[in-house]
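The values are calculated or read from the model by the stated rules, or taken from the named source; none is laboratory data. As the structure is a computational prediction, the values presented were derived from the model and not from experiment. Because the Cβ atoms are built from the backbone with ideal geometry, glycine has one as well, and the counts that use them run over all protein chains shown. Each accessible area value is taken on the protein alone, full model and side chains, heavy atoms only, with ligands, DNA and RNA left out. Shrake-Rupley method; radii C 1.70, N 1.55, O 1.52, S 1.80 Å.
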Amino acid sequence: MLSNKMVKALNKQINNEIYSAYLYLSMSAYSTFKGLKGFANWFMVQYQEEMTHAMKIYDYVNDQGRQVKLMTIAQPPTEFGSPLEMFEKTLEHEKFVTKCINDLVNLAVREKDHATNIFLQWFVTEQIEEEANDNEIISKLKLVGNEGNGLFMIDKELATRVFTLPTASGESQT
Ligand SMILES: [Fe+2]
Ligand SMILES: [Fe+2]
């Protein structure tokens, strides 16, 4: 049984995940406009992943017999600067999401809500991966270059990312 406080917090996290999807869709559109097809692809896959995060929580709230209540999705920025700046903004956003997930876990622990605590563990692990991915790309952009040939190479690499639906265990197949 979820407490009202927990339901409210989970509904807020659904909103955070959909906002994340919206933000990355905006970055994808920006990348396409700038002629960076690989970046556009990477952010489009990220958009799809974030939607699966939102739906995971959506399903959980439903499964617990509580009501999902959707909220307004804030407008994302539309300008992101250089590719490096865009990924720095991505990392910054993921750090914010990590904090939100940690706050949710803290709430579950305080409420002695073991089911939600276990449910949230997948997100705790996922956030480590999200931040690691962003850090890796930021390092590459700093190393190989934020423009010219280096950027072209990274764009080609990011073009290879494919979206895979998370498996039953919740791990995405990469
Ligand atoms: Fe997410
Ligand atoms: Fe994320």
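Observations, loosely collected:
- Val162 versus Thr125: modelled label distance in nm, points set 7 Å from Cα along the beta carbon direction: 2.3
- Charged-residue dipole, Cβ positions (Lys, Arg, Asp, Glu), region 1-149 about Cα centre, Debye nearest 20: 460
- Subtracting the Cα-Cα distance of Asn102 and Ala74 from their residue separation scaled by 0.36 nm leaves 7.9 nm.
- Normalised by the number of residues in the chain, the average gap of Cα pairs under 8 Å and 6 or more apart makes the relative contact order 28 percent.
- Charge tally for Tyr24 (other residues, Cβ to Cβ under 9 Å; Lys, Arg +1; Asp, Glu -1): -2.
- Region 1-137 - accessible surface per residue (Å², probe 1.4 Å): 51
- Here the accessible area is traced with a 1.4 Å probe on the protein chains. For the chain, carbon and sulfur cover 57 percent of it.
- Between 0 and 90°, nearest 10: helix 148-158 axis offset from the chain longest Cα axis: 40
- Signed unit charges on C-beta, dipole axis of region 13-83, positive-most listed residue Ile18, Met55, Phe33: Phe33
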